[in-house]
Structure formats: structure tokens, C-alpha cells
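To start, the structure itself, in C-alpha cells.
Just so it is clear, none of the values below were taken in a lab; they were calculated from the coordinates. The structure displayed is predicted, hence computed values, not measured ones. Note that each Cβ is placed from the backbone with ideal geometry, even for glycine, and that neighbours are counted across all protein chains shown.
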Amino acid sequence: MLKLILEAFISISGITAASGIVYHDNQLHIVSDNSNYIYSYHLTGQKLSKTVLQQSSAMENIAKADKMDLESITFDGNRYYLYGSGSNPKRKNRFTWDGKTVTQEDYSQVYSFLMDEFNISEEDINIEGVVHLQDKILFFNRGNGPKGINAILEYHPLARDKSSCIPIELPKLNGIPTGFSDAILVGNEIYFIATA
């Protein structure tokens, strides 16, 4: 397992927390788990802009009980996809953004399928990273629930029977278990972050 040391790259005023980041075309596109916006930071001009995801609830710094808990963002070359953690009904949405228009999908059936298929309870589901590949979506589940399920849930939208659960044993840091906190596709390689 390749070990990398992460250091602070940039400090962006106006975002309280970044739960998922994608770099494309000299911009950082960021989701925050306590906000209903997607943020775009133009690196050259050092300018922050934001796009509301739900017109009816354009809010930042949302209370934990009410937040959509957007934990991941991924890019397929054309569109950005933002996913909730799946840990309760408010957190089972997927948003698609093409740079102009936002579309919201109720993704609860997909989360329910993954939970039923792989025997994962609502207390154990916590999607922290998502990667889109050609015919499948990889969901990185953080093992901070009662069963400690660190796993990659491989979902095939057009052939659900091909879906699989790949348990991942992550290291402990000073005796404290780690869990996935993000994942991204770079070229042909997938990188993930695990935190204690």
C-alpha cells in the first residue's frame, strides 16, 4: 500500500469543511457535508463561486440532524456527481451537475439494494467516496459503524447481479482503527484517504 503524506495546499475562505474535492480545468470543485451548495474555486483568479443544489433549502452550516451529508464528488469527464452518505433517508440523494444545471435524484433504491445485498445496516452504511468507472460505480464505505465495515461496494447499474462487496482491511494508527474518508480516480489508478 502506497503511503503519502498530505500537506495543506490552499486555504479557501467561505467554505467551512470540504468532504469531497475534484480538480478539473484549473478549478477545484468542492462539496461540504453541512452545505447545500457545490463550490468552485478558480485557482488562477483565486475566486470562489457556488451553485445551490436545492433551491428550496439554500443553506450553509446546516445542523447535523438536518444536513444532506454530501460526502463525495466524482467527475466522468462531462458531469459531476455528488452523493450523500446514505446513513438516513435525507442522505440518500445523488446530484448531477454539468457546470450549469443541477439535477437531483432519489438514490434510496440504490442504497437499499447495496445494504440488502451485502447485509449492511443503516448504522453501518457511510459512503465517504465514490468513483465512476465505465460500467460500474464504486462506493467506499467507512467502517465507523458497529460492525466496522470498511469495504468497496461495486455497483453495476445495468447488471445488478454483477455487484459485489470487497472488504478492505485498513491499518490502525496508534491502535485506533481507520476508515475511508474519500477516494478518487487519477488516470488508471484509484487513490483513497483513510482517517482515524
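A few notes on this one:
- Most mobile listed residue (138, 158, 53) in the chain, GNM with C-alpha springs under 10 Å: 158
- Averaging the Cα positions of each part gives two centres, and for region 137-175 and region 1-48 these lie 24 Å apart.
- Estimated distance in nm for a label pair at residue 158 and residue 109, the labels positioned 7 Å out from Cα along Cα-to-Cβ: 1.8 nm
- Amide H to amide H distances under 5 Å link residue 107 with 93, 94, where only residues 5 or more positions off or on other chains count and H is placed in the peptide plane.
- Were the residues from residue 49 through residue 132 laid out at 0.36 nm apart, the gain over their Cα-Cα distance would be 27.4 nm.
- The chain: most fluctuating residue of 66, 116, 25 per GNM, C-alpha cutoff 10 Å: 25
- Volume per residue for region 20-195 equals 136 cubic angstrom (convex hull of Cα atoms).
- GNM top mover of 112, 85, 72 - the chain, alpha-carbon springs below 10 Å: 112
- Interchain or long-range residues, amide H under 5 Å from residue 32's placed H: 19, 37
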